[in-house]
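Provided herewith is a single structure, encoded as structure tokens, for subsequent inquiry.
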Amino acid sequence: MAEATEIRKLVYLVTGGCGFLGEHVVRMLLQREPRLSELRVFDLHLGPWLEELKTGPVRVTAIQGDVTQAHEVAAAVAGAHVVIHTAGLVDVFGRASPETIYEVNVQGTKNVIEACVQTGTRFLVYTSSMEVVGPNIKGHPFYRGNEDTPYEAVHKHPYPCSKAQAEQLVLEANGREVHGGLPLVTCALRPTGIYGEGHQIMRDFYHQGLRLGGRLFRAIPASVEHGRVYVGNVAWMHVLVARELQRQTALLGGQVYFCYDESPYKSYEDFNMEFLGPCGLRLVETRLLVPYWLLMLLAALNALLQWLLRPLLLYAPLLNPYTLAVANTTFTVSTDKARRHFGYEPLFSWEDSRSRTIRWVRAVEGSAP
Ligand SMILES: NC(=O)C1=CN([C@@H]2O[C@H](COP(=O)(O)OP(=O)(O)OC[C@H]3O[C@@H](n4cnc5c(N)ncnc54)[C@H](O)[C@@H]3O)[C@@H](O)[C@H]2O)C=CC1
Ligand SMILES: C[C@H](CCCC(C)(C)O)[C@H]1CC[C@H]2[C@@H]3[C@H](O)CC4=CC(=O)CC[C@]4(C)[C@H]3CC[C@]12C
């Protein structure tokens, strides 16, 4: 007992700690970071599940706050050794305005960096995204690429643009002097499409399939491959990189790492069927019935309707020109940089990731959409 309290001396802060990924990071830190003494969970909306975490050996502090408010961020960061910044506005459906997306993703990240500098926090891990690279607006495939693969990263949509700007800010901040005179050490993790327990889009597809009599309709050719990664492995990568950033500052500082695991390369829809299939849904082939030009037309119509209806109501369907372009462009990652730099191996095999996700979808069954 005395030994356990002796080694527990680190304070971590997880921004966005009540989100899909954030919750997994929080739980993973409690399970796998033995040096943790306090875990601060900062989010705009706190989850009730945080209460059950407060009985363990680590002090869990829930902080309701907004990353766009510099003073709230600085107060939460003060005294933390490590910040894992996962908070972000993930919106590719036009629910939020571009200004709001920039405010949260870019200004929010600036506030986190400045808070580290002012308060003397030395280690910052940023949750970036594959979207900072691509797919680009030209629809170029990124096939089994790694962190050094040349690719024309050209974006227009506010989400990838904001993530790219924020990532750049984080990487440029590496080496800045923090309060106390020591250098800030930063790195960025770039997950591909994350799946697993708590994945809202998977839940939406599941309910859509139930409404359609147990069917989903294929819209994208099966040959278009998407990189996907299990949320537990993404969380594990965050925990590991945060630990190793403190040990190997020169090697890891200023670096980017794609998040990867053993999940198979498949089309977005075929991949989802790995979980939705065992839960009773089937994918109906419609390629011959719905040509791509018609999908583009529908996507453009959705965008027009969104714009026309905006004064009255929020119309934000899954299909829009941006999501169609992303869904229809191959983007897969093949790298071992995280293994080479900080010894990352996926904690969950593909079989584990799959069965955990299926179990979660089954539990969602019957719950309101
Ligand atoms: N879901 C995915 O497939 C991928 C997500 N990412 C990144 O991972 C991070 C987490 O994403 P998810 O967990 O999927 O999203 P999420 O929406 O489930 O979680 C984001 C969390 O940030 C919080 N948040 C939003 N605005 C905030 C603000 N102003 N102040 C404080 N907290 C705020 C939300 O309340 C939420 O709990 C994001 O930075 C996202 O860009 C990256 C690649 C793929
Ligand atoms: C919603 C899309 C699938 C529906 C397409 C339709 C309507 C034709 O059937 C999703 C396809 C690809 C997804 C994105 C991808 O996984 C990369 C992402 C990374 C992030 O950082 C955030 C989420 C997302 C942009 C993800 C969003 C949903 C898709 C566009």
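Which of the following residues is surrounded by 16 or more Cβ atoms within 10 Å (Cβ to Cβ) and either without any contact (Cβ under 8 Å) to a residue 40 or more places away in the chain or more than 16 Å from ligand 2 (Cβ to nearest atom) (or both): G65, G79?
G65
Now for a different question. Do we find a residue being among the hydrophobic types (A, V, I, L, M, F, W, C), within 16 Å of ligand 1 (Cβ to nearest atom), without any contact (Cβ under 8 Å) to a residue 40 or more places away in the chain and exposed (fewer than 15 other Cβ atoms within 10 Å of the Cβ) anywhere in the range 43-55?
Yes, the range 43-55 contains at least one residue that is among the hydrophobic types (A, V, I, L, M, F, W, C), within 16 Å of ligand 1 (Cβ to nearest atom), without any contact (Cβ under 8 Å) to a residue 40 or more places away in the chain and exposed (fewer than 15 other Cβ atoms within 10 Å of the Cβ).
Quick one: how many residues across the range 146-160 are closer than 26 Å to Y292 by Cα and either surrounded by 14 or more Cβ atoms within 10 Å (Cβ to Cβ) or aliphatic (A, V, I, L, M) (or both)?
The qualifying residues number 8.
Need pairs with beta-carbon distance below 8 Å; first residue within 30 Å of P321 (Cβ to Cβ) and among the β-branched types (V, I, T) and within the range 94-117, second open to solvent by 60 Å² or more (accessible area, probe 1.4 Å) and more than 9 Å from ligand 1 (Cβ to nearest atom); sequence gap 6+ or separate chains.
What qualifies is V106/Q165.
List, please: which pairs have Cβ atoms under 7 Å, are six or more places apart or on different chains, and start with a residue in the range 190-212 that is within 16 Å of ligand 1 (Cβ to nearest atom) and end with one that is among the small types (G, A, S) and not in a helix (DSSP H, G or I)?
Listed by first residue and then by second, the contacts come to R190/S128; R190/S129; P191/S129; T192/G227; G193/G227.
Here's the yes/no breakdown for (1) on the phi < 0 side of the Ramachandran plot; (2) part of a helix (DSSP H, G or I); (3) within 13 Å of ligand 2 (Cβ to nearest atom); (4) not hydrophobic (A, V, I, L, M, F, W, C):
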site: L245; (1), (2), (3), (4): yes, yes, no, no
site: S263; (1), (2), (3), (4): yes, no, yes, yes
site: E269; (1), (2), (3), (4): yes, yes, yes, yes
site: V290; (1), (2), (3), (4): yes, no, yes, no
site: M296; (1), (2), (3), (4): yes, yes, yes, no
site: Q306; (1), (2), (3), (4): yes, yes, no, yes
site: L314; (1), (2), (3), (4): yes, no, no, no
site: T329; (1), (2), (3), (4): yes, no, yes, yes
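I need the full set of residues from the range 34-60 which are in a loop (DSSP other than H, G, I, E, B) and either out of contact with any Asp or Glu (no Cβ under 9 Å at 6 or more places or on another chain) or more than 21 Å from I7 (Cβ to Cβ) (or both), in order please.
P34, R35, L44, H45, L46, G47, G56, P57, listed by residue number.
May I pose another question? Please work out if G175 is within 14 Å of ligand 2 (Cβ to nearest atom), in contact (Cβ under 8 Å) with a residue 60 or more places away in the chain and at positive phi.
When the stated conditions are applied, G175 does not pass them.
The values are calculated or read from the model by the stated rules, or taken from the named source; none is laboratory data. Quick caveat: nothing in here was measured; it's all calculated off a predicted structure. Counting neighbours? That spans all protein chains shown, and the Cβs are built from the backbone with ideal geometry, glycine included. Please note that ligands, DNA and RNA were not included when accessible areas were found on the heavy atoms of the full protein model with its side chains. Shrake-Rupley method; radii C 1.70, N 1.55, O 1.52, S 1.80 Å.
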